[in-house]
Amino acid sequence: MFTPTRITTILLFLLSLGFLVSALPTVASDAKELALRHDSNDLLTLVGGLQADVNVCVNAIAELSVATDIFAQVDILVGKINTCATAILALGANIDVDASVQADIAAKVGAIISAIVKLCINLNVKLGIVVVLGLFAKIDACLQLLLTNLGVCVSGIISVIAKVVADIGLDAFANVHLDFCAQVLGFVGA
């Protein structure tokens, strides 16, 4: 009578040990890929949100005619770009981003830069270079920060962005005095 009880006890012990071992956490083979995909999605979300914010600000600035209102709206635009640049840098350095996601990010950043360059050209015509030169310096500094932080986070993305905005040309960057932005993109030497 002791033998079946002992055998049953041993079998139940082994069964419970099996349940315990199978319940232990294991390292997934694609855990790194999942983490990287998460960071690249965060980066894509940040850049997409910035593109929407920039479009709203650019459209609002285009409708304004009073210089003080334009200055206030440009300060809001610069604040949004700086906030996004800081959030991008907080994601970490050398994020491994898929080529298609990298191209999507570059297209969004290229659209942001194109919209801002067109806005700067319109402001130059509307208010004159003397009035808007300080605004251009603020915009140039925040775009430089954004591009530099993107370059820190995603290796090789600056060259992809440069290809996207190459149709704008060096003359447009020079006309609106976005020299730092042009340097980061490699359009002019340092």
Original post:
Does S114 meet the test of being of a type in the set (G, A, S), part of a helix (DSSP H, G or I), at pLDDT 85 or above and surrounded by 14 or more Cβ atoms within 10 Å (Cβ to Cβ)?
Top reply: yes
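Among the listed residues I81, I95, identify the single one that is modelled with pLDDT of 85 or more and either in a helix (DSSP H, G or I) or under 22 Å from A162 (Cα atoms) (or both). Give the derivation first.
Values: I95 fails: modelled with pLDDT of 85 or more.
When all the criteria are applied, what remains is I81.
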**OP:** Please go through region 118-158 and pick out each residue that is under 21 Å from the mean Cα position of the chain (by Cα), among the β-branched types (V, I, T) and either part of a loop (DSSP other than H, G, I, E, B) or surrounded by 21 or more Cβ atoms within 10 Å (Cβ to Cβ) (or both).
**Re:** I139, V154, I157
**OP:** All but one of (1) in contact with a Cys (Cβ under 8 Å, 6 or more places away or on another chain); (2) modelled with pLDDT of 85 or more hold for F173, so report the exception by its number.
**Re:** (2)
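The values are calculated or read from the model by the stated rules, or taken from the named source; none is laboratory data. Computed from a prediction, not measured in an experiment: that's the story for all the values here. Cβ coordinates were reconstructed from backbone atoms using ideal geometry, including for glycine residues, and neighbour counts include every protein chain displayed.
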